[in-house]
Each structure stands twice: as structure tokens, then as C-alpha cells.
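Read-outs throughout are calculated quantities, based only on the coordinates presented, and are distinct from any laboratory measurement. None of the values given here were measured: they were computed from a predicted structure.
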């Protein structure tokens, strides 16, 4: 009798646990934990940039450096940083057939707060974010010119 009662309690607990952990929001899983550094890429204003992101839980710190040369060497012209939180949304299928995950970044930068709507495609120890369309527009395609590699 004790065995049956214990079994019923365990099964009930597992069922309750499954219901509570069920994902009704269709959120995807995206493991970004750790430090990521981008390649040297030409940005929107024809300068060469390297991005760094460090993720811990749902928080991140980001920084960038910009150079006037395509090797991103020497003294950078500009360096800056910000921090914030992020939330992971649903998985989407792009027109290419590849999958990406919606990510909303809440960025604190120089005392200002921004929400950046983005998508990320992670492939092993690299990820790419979306083609930038503006703060309030979520990209629909991945920018394969910018590759961040886990350190």
C-alpha cells in the first residue's frame, strides 16, 4: 500500500511539473551563455567593427570597437559598451528555409534604454544576427557577413 501511494504521489508530481513547465508561449531554447566575438566587418557607415557579447542567464554586456582599416588593427577610432537583458521568443523559418530564433534585447546605452528586435541563428560555436532594419523592425533574414564565435 505504501508503495502504491508513493507511486501515485510521484506520478502526480511529474504530471503537475510537466504542466507547469509546459511552454505555452512557443518560446525557443537558445543557449548563448559565455563570451562571443565577431569577425572584423564593414558596418553601415563604411567603418570596420568588431562586436563582443557576454551572456549570463538573461543578461548581457556588449561592446564594440571601430577602425578605419579592414584588418581591425591598430588603435580603434571608437570604443563603447552597453548592457541589458534579453528574452527569447519563437523559432521562425526564413525564406531560405533556415531557422532562426526571435530575440528581444533591452539595451542600456549611455543612460538611454532601447529595445532591439532581432533574430539569431546559432550553429555550433557561432551565431549570426539578423539584417538590421531599425530598432522597431524585426529582421526576417540573417546577416551572414557578421559571424560571432564563442570564446
Check your understanding: Working out 0.36 nm times the residue gap between residue 112 and residue 58, then minus their Cα-Cα distance, what length gain in nm do you get to one decimal?
Key -> 17.5 nm
Review point. Using a ≥ b ≥ c from the Cα gyration tensor of segment 56-96 (square roots of the eigenvalues), is it rounded, prolate or oblate, where a/c under 1.5 gives rounded and otherwise the larger of a/b and b/c decides, a/b for prolate?
Key: oblate
Revision key, fill the gap. Note on segment 84-128: alpha-carbon gyration tensor, axes a ≥ b ≥ c; rule is a/c under 1.5 for rounded, else prolate if a/b larger than b/c, else oblate; result prolate
Check your understanding: Rounded, prolate or oblate: which fits segment 48-119 when a ≥ b ≥ c are the square roots of the eigenvalues of the alpha-carbon gyration tensor, with rounded for a/c under 1.5 and prolate only if a/b beats b/c?
Key -> oblate
